[in-house]
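The values are calculated or read from the model by the stated rules, or taken from the named source; none is laboratory data. Worth saying up front: this structure is predicted, and the values here are computed from it rather than measured. Here the Cβ positions follow ideal geometry from the backbone for every residue, glycine too, while neighbour counts run over all protein chains shown. Note: areas computed on protein heavy atoms with side chains; ligands, DNA, RNA excluded. Shrake-Rupley method; radii C 1.70, N 1.55, O 1.52, S 1.80 Å.
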Amino acid sequence: MSLQDKAKATAKNIEGKLQEAVGDVTGDPKTQAEGKAKQAEATARQTIEDVKDETKKIIK
């Protein structure tokens with residue numbers, strides 16, 4: 001995983017956690033759901049990059 005892609009995924013995960021927390025505090029289910037969706041997107045990005053890394057190792 002490139003460092004830049006890893007940083008973007010981590011930032012998206014943190015953003016999602018913060019948004020979910022704001023939704024928890026305010027009682028806004030839409031904000032909570034958006035935060036969870038961002039976290040899921042970050043996880044998917046990390047998984048994709050991990051697969052790319054493993055593929056590169058196998059090819060070499």
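Determine which member of the set THR31, THR47, THR43, THR55 is assigned to a helix (DSSP H, G or I) and touching a helix residue (DSSP H, G or I) at 6+ places or on another chain (Cβ under 7 Å). Quick ask: steps written out before the conclusion?
On the way: THR47 fails: touching a helix residue (DSSP H, G or I) at 6+ places or on another chain (Cβ under 7 Å); THR43 fails: touching a helix residue (DSSP H, G or I) at 6+ places or on another chain (Cβ under 7 Å); THR55 fails: touching a helix residue (DSSP H, G or I) at 6+ places or on another chain (Cβ under 7 Å).
The match here is THR31.
Have a look at LYS56, LYS36 and point out the one that is open to solvent by 90 Å² or more (accessible area, probe 1.4 Å) and touching a Gly at 6+ places or on another chain (Cβ under 8 Å). Break it down into steps so the answer makes sense when it comes.
Values: LYS56 fails: touching a Gly at 6+ places or on another chain (Cβ under 8 Å).
Answer to the selection: LYS36.
Search region 30-53 for residues that are closer than 14 Å to GLU20 by Cβ and pair each with any residue that is open to solvent by 50 Å² or more (accessible area, probe 1.4 Å) when their beta-carbon atoms are under 7 Å apart and the residues are at least 6 apart or on different chains.
Filtered contacts from region 30-53: THR31/VAL22; GLN32/ASP24; GLY35/LYS17; LYS38/GLU15; GLN39/LYS17.
I'm trying to understand the selection: among the residues of region 11-28, which are in a helix (DSSP H, G or I) and open to solvent by less than 60 Å² (accessible area, probe 1.4 Å)? Before the answer, list the steps.
Residues of region 11-28 that are in a helix (DSSP H, G or I), as a first pass: 11-26.
Matches in region 11-28: ALA11, LYS12, ASN13, GLY16, GLN19, GLU20, ALA21, GLY23.
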